[in-house]
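See structure below.
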Amino acid sequence: MKTEYLIYFSSVEGVFIALTGYIRNHHPGYEWVGMWLGGLPFSNIYQPALFHFAAALSWITSRSPASAYHLTLAITYSLGAVTFYLLALRVSRNRLASFLAAILFSLFSPSTLFFPDIRRDVGSYLWARRLQCVVSYGDGPHVTGLMLAFLAVALLIRAIRSPSSASRAMAVVAIGAVFATNWPAGVVLCIAIFCYLIAWPLEDLWRITAKTGMMIALAYLLICPIALPSVIISTYANANRLGDAPVKDAHYVLAWALLLLLLAETRSIMFRWVESSPMESPDDFLALDEEELGLSSVSPAFIKRVPRPPCAQGRYCFARGLHGNCPARRAPRLGVEERFVVLFAVFLSYMTLASVFFQVRILPQPLRFHLAMEAALYLLLAVMMNRLVRSSEARAALCSAVLVVSCIQLFQYRDYARQIIRPAQIYDSIEYQTARWFDEHMHGDRVYAPGSISFWMNAFTETPQLSGCCDQSIINPENFISGFIIPAGYGSEAEDADYSLLWLKASGVHAVGIGGPASRENYKPFTHPYKFAHRLKELRRDGDDFIYEIPQRARGLVRIVNQTDIVRKPPESGIDTTELRRFVAALDCPDLPVAQTEWTTPGHSIIHATLKPDQVVSVAVNFHRGWHATANGRPVPIRADG
């Protein structure tokens, strides 16, 4: 994929390109990222595996970070069907059924049938939703994570069914790779593992759970430096504060109860169905494992002495020798993997359909899991084809039907891809122009960029900004407050300007970008877009897009204030500003010294200042327990204000 930038500046893809470039430019010293939200540990921002791969590809091939990132997505998107096939083969044990299901997974999106909003968004029943998610919405990490999740489940099943050191090691690495790539894909993997475990008979459940738990624990140890417990907890908590999060009320509890009841009843039905169907022919024994042949009740020593016959007739005779008049016995039960697929499809379908048609959410952003739901339904289709399509005539008819559909969809997908994969005239975009202006005129001082400009600015420059990415990663609650009050405002335009200016000055912002109704920026988030007109110095105007100067006595992020001026009580809202006003007034006091600061790395600075005993250094960077400071070679205590 040679395209550097696409036309979809409303997407968050600029953030991922920025992370790719940041890793390439700062490796290995990128443990702290000061570009967004007052600074964050790199592990808090986003799971980094995909961006490390893209950065390495950029370095090896001398491609730009944007080009390398898109090439990486082209690879992982294409591998999605491959890993899906491997999982379908593992659960259905039928190459033809798995191949046909993988073809359909690649060329038709059932979400366009189930969700009217998605169909309208894509534009047709026949177009590629998964491709649209990658291209139009920048959700490449999620699609990549799902690709890895298919592989991880397939390898986990292999490690359980055919245990060896190699199979366990591959499963551990694959599970770790999912969680190192994308949290929603990690949630899908957790759901899959849960469904796989409860698909086992009760007598085997604890043994299989122990084995699986050991592999999950090893996978976590592998990725724990980028997925600390504190990161997982804060990410989940923040996800539940954002839009499309569950409302923890009686409907939420009832929805979970109904889901668990539905899973329990489905599991019970599958086991009961097993005991009520007659066996029809020796061919029914062809794909049976030990559990299905009834060997779970036979001594291991006997199984070791008498190997399982490979052919259908041999297995028929073998089972008859074990159980007597075997043709008169019950039919073989659904295998563990088949039960897993049914439960997996039920779980994901319930979660996504309930959120759309009943507005009940059991997890944050439930509609985002519709791609995983599609995969679960196609796995179910593979299992059904394996069970129901037995004759050669039926197989030929099925292959012909899939071939016809595939030919139609190949042309549909090709035309759709040509429609949506369109390169941007990047130099003409407001995102690029504003980013370059900030880079050339602000000399590394923090700025506030609105909407889509904030998503894309750091793909072109490393100028720090107060907004940016990523809300689910916020470690300072005041980031939520400032992120709301500055664009949304409060009260009249004059009041809005007053509160916004307080928060901008306190946060060390030196310039603010803002757009009116005719702005070329996509989101136009400001309630009062002209609130700074005639109140602040205008630095740049481009149509209905403006940049204003935020007056600061000291450049940079380091300010000297009296101890009595520090904010002690955390603000509860954007208008809880009693202590904040005192602090901001101190920033403009001419009697206080001005510090000189040099940032040697993103996570290390040298501050030159002469302080009196009652003065302190206030740094407009998020507090984190990893920070430490020395003065004249001696360690000094640091703490969070507010």
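The values are calculated or read from the model by the stated rules, or taken from the named source; none is laboratory data. Quick caveat: nothing in here was measured; it's all calculated off a predicted structure. Cβ sites come from the backbone with ideal geometry, for glycine too, and all protein chains shown count toward neighbours. Remember, those area values only see protein heavy atoms, side chains included, never the ligands or the DNA or RNA. Shrake-Rupley method; radii C 1.70, N 1.55, O 1.52, S 1.80 Å.
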Q | Share of carbon and sulfur in the accessible heavy-atom surface of the chain [1.4 Å probe, %] | A | 62 percent
**Q.** Surface/4 estimate of mean projected area, convex hull on alpha-carbon atoms of region 453-560, nm²
**A.** 7.5 nm²
Q: Can you grab the distance from the C-alpha centre of region 401-440 to the C-alpha centre of region 167-236, Å, no decimals?
A: 35 Å
(Q) Expected output is a single nm value to one decimal: the length gained when fully extending between residue 414 and residue 582, i.e. 0.36 nm times separation in residues minus the C-alpha distance. What is it? (A) 54.4 nm
Q: Starting from the residue with the highest accessible area, list 510, 604, 27, 628 in decreasing order, probe 1.4 Å.
A: 628, 27, 604, 510
Q) For the Cα atoms of the chain, what angle does the longest principal axis make with the long axis of helix 312-323, in degrees from 0 to 90, nearest 10? A) 80 degrees
Q) Just how much of residue 493 is accessible, in Å², when a 1.4 Å probe is used and the result is rounded to the nearest 10? A) 70 Å²
Q) Nearest 10 degrees, 0 to 90: what angle lies between the long axis of helix 95-107 and the longest principal axis of the chain (Cα atoms)? A) 30 degrees
Q.
Could you work out the relative contact order of region 339-387? I mean the mean sequence separation of Cα pairs under 8 Å and 6+ apart, divided by the number of residues, in percent.
A. 45 percent
Q. Among (i) 55, 27, 22; (ii) 37, 32, 25; (iii) 55, 32, 21, which one is semi-axes √(5λ) of the Cα gyration tensor in Å computed from these coordinates?
A. (i)
Q: Could you work out the equivalent-ellipsoid semi-axes for region 33-126, taking the square root of 5 times each eigenvalue of the Cα gyration tensor, largest first, in whole Å?
A: 33, 20, 14
Q) Under a plain spin-label model, where a point goes 7 Å from the Cα along Cα-to-Cβ, how far apart in nm are residue 401 and residue 270? A) 2.4 nm
Q.
For region 373-516, take N as its residue count and report Rg(C-alpha) divided by 2.2 N^0.38 Å.
A. 1.79
Q: Report, to two decimal places, the Cα Rg of region 133-235 normalised by 2.2 N^0.38 Å (N = number of residues).
A: 1.11
Q) What whole number of Å gives the distance from the Cα centroid of region 57-122 to the Cα centroid of region 237-254? A) 30 Å
Q. Quick one: helix 392-420 against the long Cα principal axis of the chain, what's the angle to the nearest 10°, folded into 0 to 90?
A. 10 degrees
**Q.** Sparse-neighbour loop sites [GluC sites (Glu not before Pro); region 534-642; at most 10 other C-beta within 10 Å; DSSP]
**A.** 572
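Rg to Rh ratio, region 119-171, alpha-carbon atoms and Kirkwood radius?
Radius of gyration over Kirkwood radius for region 119-171 works out to 1.26.
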(Q) Keeping every protein chain present and rolling a 1.4 Å probe, give me the accessible area per residue for the chain in Å². (A) 46 Å²
Q.
Below 11 angstrom from the Cβ of residue 447, what's the summed charge of the other residues (Lys, Arg +1; Asp, Glu -1)?
A. -2
**Q.** Calculated on alpha-carbon atoms, Rg and Dmax of region 72-187 in Å
**A.** 15.2, 49
Q: Kindly provide log₁₀ I(q)/I(0) values, in the same order as q = 0.14, 0.19, 0.26 Å⁻¹, from the Debye equation applied to equal alpha-carbon scatterers of region 601-642.
A: -0.35, -0.67, -1.31
Q.
Probe radius 1.4 Å, ligands and nucleic acids left out: which of 22, 5 has the largest accessible area, and how do the rest follow?
A. 5, 22
Q) Counting Lys and Arg as +1 and Asp and Glu as -1, what is the net charge of the other residues whose Cβ lies under 14 Å from the Cβ of residue 168? A) +3
Q: Pop a pseudo-label 7 angstrom from the Cα along the beta-carbon direction at both residue 204 and residue 117 and give the gap in nm to one decimal.
A: 4.1 nm
Q: Distance between Cα centroids, region 138-155 to region 16-50: provide it in whole Å.
A: 21 Å
Q | Packing-based ranking, highest mean first, of 605-615, 245-255, 102-112 given that Cβ atoms within 10 Å are counted | A | 102-112, 245-255, 605-615
Q: Can you tell me how much longer the chain between residue 258 and residue 230 gets when fully stretched, taken as 0.36 nm per residue apart minus their C-alpha distance, in nm with one decimal?
A: 7.0 nm
